[in-house]
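Below is one structure; the comments refer to it alone.
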Amino acid sequence: MTEFHQQSWGARYQKMGSTAETAFLESYPHAHRLGIDRPDFSVAKLPVFFRQAPDFLLPNGAYEVMGVSSRAKNPTLKLKFEKIEILNMWDKFGDTYLWVWDSAKKQSTCARIEVWNALCHAHGTVARFDDNNKPYWSLPIVNFPTDGNL
């Protein structure tokens, strides 16, 4: 089976976030959809504030949902600079969280975006996506918050 990062953009786009968002909604079935969810139009020209809006809203704040697999050869979270910047902006208006689903262990890790910022700066490395050269933080799963689980 081809690893996720080696699949075509179209194949990755169809699966991207689906597993993690399904797990989030199983835990929080009353969460309100906040972010864009694969509309039938290109979002490329939308302002980044809309493109990178957190996925869900709960009574205590906004949640961005991402997935990672501890089964991967090099288990890391790839957090785009653009995304973390916008989540930091959202956090100025209300508590904003990053909820990460480990599909191999079937468990989540969640913390305020400010915690993830600190972890990226302390333990992450800067990398760039092969297809568009955009920068992201590569944060090893071993450096995820340990006491921030929901």
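What follows is calculated from the coordinates using simple rules that are stated; it is not laboratory data. For clarity, every value in this text was computed on a predicted model and none was experimentally measured. All Cβ positions, glycine included, derive from the backbone under ideal geometry; neighbour counts span all protein chains shown.
Taken as a whole, the structure leaves K45 outside the set of residues that are in a strand (DSSP E or B) and surrounded by fewer than 21 Cβ atoms within 10 Å (Cβ to Cβ). All of N74, N60 fail the test of being under 17 Å from F144 (Cβ atoms) and of a type outside the set (D, E), apart from N74. Filtered by the rule that a residue be under 15 Å from the mean Cα position of the chain (by Cα) and more than 12 Å from W101 (Cα to Cα), segment 52-74 gives Q52, A53, P54, D55, F56, L57, A62, Y63.
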